[in-house]
Amino acid sequence: MTVKEDYILNVIDLEKHFPIKKGVLKRTVGLVHAINGVSFKIRKKESFGLVGESGCGKSTLGKCIVFLYEPTRGEIIFNGVNLGGLDNKKLRKIRPQFQMIFQDPYSTLNPRMSVEAMLSEPLKLYNKMSTNERRDRVFELLEIVGLRPEHSTRYPHEFSGGQRQRIAVARALALNPSLIICDEPVSALDVSIQAQILNLFDKLKKKFGLSYLFISHDIGVVEHVADRIAVMYLGKIVELAKDTEICQNPQHPYTKALMAAIPIPKSRSRDRVKISLTGDVPSPIDLPSGCFFHHRCPHAMSICKEKAPETVTLSDGREVSCHLFNEGDRV
Amino acid sequence: MTNLPKELVKITHLRTEFHIPEGVVPAVNNVNFNIQAGETLSIIGESGCGKSVTALSIMRLIPDPPGKIVSGNINFEGVDLLKLPMSKMREIRGNKIAMIFQEPMTSLNPLYTVGNQISEVYLEHKGYNYKDAWDNSVNILGKVGIPSPEERAHEYIHEMSGGMRQRAMIAMALACSPRLLIADEPTTAVDVTIQNQILNLMRDLQASTGAAILLITHNFGVVAEMADRVIVMYLGHAVEDADVDSIFDKPLHPYTRGLIGCIPFPGRKSLLGKKPLQEIPGIVPSMYELPEGCVFHPRCRWAKDICRKQAPELVETEKGHKVACWKAVEKWV
């Protein structure tokens, strides 16, 4: 039997490369290195935040974890079960336990299905319920996410963006998952609606003891939801620490620059001193040598060009991948 | 802005409507504001509040039909833009008033090189010969921080990264040293580190050219870092108009307050602890069925009878601070 695990998800050295195919014969001419060795663990009932700029591989990572993409290398252990070792049938059995919510509620809801049809589909597939039980469950789900029973007969186009995202949340909750992967769930929403949905996420987490993997480019949003935050750059985690530590006391030069770049909605923000990053994120097709960040890093040393830094744990428990730090350094 | 400020743009009673089969949408509804020379004025609001339509009205780029500027004046350097014939308007666009858009991929022409497109501005407005126009284009590309501009000028926009494209568009807008630069969500499509570069660039260029900037955004962080003055819009109405520090330190309109309270910004947790975000209840109503009275009253927790019946005017309650709200005007507690 499996030992009692404290972690709901354990990602070990995950890599995902996409081949670039060209020509009549569709020969592989190169690889997009979307994820380059990512390891982290999510505790039970924890919200784990993942931030990074576009193209850093955060969405690919989310899709790999639910096996929408098969990872190139590495292991994903969910609740003590190695997902890579499962055949399709067994994978289907375990899928209800982890669900995903996507960014755009306009494209993830089937326009030709009523809300009731959409919410009862997973129930039909996985549960043996009578029609009445199913309907009750649909009403219950709608109530949980703050919609009304009469909404069940409507179609997605009749809802606003925020309401659609609520439907997507209800669908994810239908089978009582223990882990929900949220990929930019509020990025398409206006701030006043975003606040409603974020508060809903908080409420659901408390109510059902959920774990979240919360992916977003907006650090403010991630800080609000997450207990711990990992910062990704070019398919690697460069820093992983407690929520407030990442925002108030970042250590990795990239995290520092990222935090400094975020405009803070407060008075007298104009006078803030800023570190500006120069240049763009390099292409994940031709990865830089050594540390991926070295050519934009204000502290780059000669070793950074040659050798990729190891991940070290600092005195406060945070993990950093940077040559400036040694194992156990005081923060 | 040290001495008496000079009004570059004065907009009074602007009303822009869209006539569509479903009804009449008053996208901009009796909006009044001024922009001083050299100032950065920011219009902020959620999607559909009329901020972009305001900008397009100034440029007279409202598609007609279905859109129409029904009433009002847009006074720019003493001339009412709404009375100008289109040929005269064309002389002003891209010359004295320039605009940058959110998505450079759709607002630059994919079939021309960047240098070609910028040269066109010089050919059209300055009457330069082609060689001078090209040299000037290369020069301005360098000014906005594009490395090796001689080679980059020969590139098409699909060959550039998002940040570079936005720079190219800014270069094009600045080609004729405009007096007013309208930036409609200039950094919404780029990442924060690139956003930081673009905002710094706009600030530097403003310092050197003295242009006024009308910055349209939904991001309060960007407003805080860029704006001198802020106008908050809701459903086509300007609901608050104040300097940037007052907006954040003592917002008067319940909508402004709600908006500021519902933003999760980095550092909020250390500042306030893990508290739920403030919510503005309900959703933005449809433009076809605007609420009577104050348009915000269905979502406002202070709403009284008067709010449901009579729309408040934008009035100055403190020096330089205007608000359209009965609560603020009549000082309800």
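Annotations
- Under 5 Å, built H, 5+ apart or other chain: amide partners of A:G74: A:E15
- In degrees, nearest ten, helix B:114-125 long axis to first principal axis of chain B (Cα): 80 degrees
- Residues with amide H under 5 Å from that of A:Y233, placed H, sequence gap 5 or more: A:V238
- ³J(HN,Hα) computed for each position of the range B:82-98 - Karplus, 6.51 cos²θ - 1.76 cosθ + 1.60, integer Hz, glycine/proline x: 6, 9, 6, x, 4, 5, 5, 4, 5, 5, 7, 4, x, 10, 8, 10, 10
- Per-residue average of Cβ from other chains inside 10 Å of B:254-267: 6
- Each peptide among A:165-177, A:92-104 gets the average number of other Cβ atoms lying within 10 Å of its residues, and from highest to lowest they stand as A:165-177, A:92-104.
- DSSP bridge orientation in chain B - percent antiparallel, rounded to nearest 5: 60 percent
- Cα-Cα over 24 Å, subset of B:K6/B:K322; B:K68/B:K304; B:K275/B:K319; A:K58/A:K266: B:K68/B:K304; B:K275/B:K319; A:K58/A:K266
- Averaged over B:185-194, number of beta-carbon atoms from partner chains that fall within 10 Å: 5
- Here the range B:164-257 carries DSSP beta bridges of which approximately 55% are antiparallel, counting only pairs with both residues inside.
- Base-10 log of normalised Debye intensity for chain A (one unit scatterer per alpha-carbon) at q = 0.12, 0.14, 0.16 Å⁻¹: -0.92, -1.19, -1.42
- Contact order for the range A:39-195, expressed relative to its length and based on alpha carbon pairs under 8 Å spaced 6+ residues apart, stands at 29 percent.
- The residues B:M164, B:M105, B:M86, B:M169, when put in order of fewest to most other Cβ atoms within 10 Å, stand as B:M86, B:M105, B:M164, B:M169.
- Taking N as the residue count of the protein assembly as shown, its C-alpha radius of gyration divided by 2.2 N^0.38 Å amounts to 1.02.
- Derived scalar couplings between HN and Hα for the range B:298-311 equal x, 10, 9, 7, 9, 4, 10, 4, 4, 5, 7, 9, 10, 6 Hz in order, rounded to whole Hz, by the Karplus curve 6.51 cos²θ - 1.76 cosθ + 1.60 (θ = phi - 60°), x for Gly and Pro.
- Size-normalised alpha-carbon gyration radius of the range B:1-127, reference 2.2 N^0.38 Å: 1.17
- Global geometry of the range A:91-187, whether rounded, prolate or oblate, following the gyration tensor of its Cα atoms and the 1.5 cut on a/c: oblate
- Here the translational diffusion coefficient of chain B follows from Stokes-Einstein with Rh set to the Kirkwood radius across Cα pairs; for 10 °C and 1.306 mPa s it amounts to 75 µm²/s.
- Intensity falloff of the range A:1-97 expressed as log10 I(q)/I(0), Debye formula with alpha-carbon point scatterers, at q = 0.15, 0.21, 0.22 Å⁻¹: -0.67, -1.13, -1.20
- Here B:E103, B:E151 are placed in order of increasing Cβ neighbour count within 10 Å, fewest first, which gives B:E151, B:E103.
- Think of chain A as a dipole: +1 on every Lys or Arg Cβ, -1 on every Asp or Glu Cβ, centred on the Cα centre; then among A:T311, A:S160, A:I193, A:S160 lies furthest on the positive end.
- Cα gyration tensor category, rounded, prolate or oblate, for the range A:229-331 with a/c compared to 1.5: oblate
- For B:I182, distant residues with modelled amide H under 5 Å away: B:A98, B:M99, B:I100, B:L214
- Counting only DSSP beta bridges whose two residues both lie in the protein assembly as shown, roughly 65 percent are antiparallel.
- ³J(HN,Hα), Karplus 6.51/-1.76/1.60, whole Hz, each residue of the range A:226-235, x for Gly, Pro: 8, 8, 10, 10, 10, 9, 9, 9, 6, x
- When you restrict to C-alpha pairs under 8 Å that are six or more residues apart and normalise by the size of the range B:1-125, the relative contact order lands at 26 percent.
- Taking chain B and dividing mean pair separation by its residue count, relative contact order in percent (alpha carbons under 8 Å, at least six apart): 19 percent
- Overall shape: oblate for the range B:129-230, with the ratio a/c of the largest to smallest alpha carbon gyration tensor axis at 1.5 or above and b/c at least equal to a/b.
Since every read-out is calculated from the coordinates, none of them should be taken as a lab result. Source: prediction; values computed, not measured. Cβ coordinates were reconstructed from backbone atoms using ideal geometry, including for glycine residues, and neighbour counts include every protein chain displayed.
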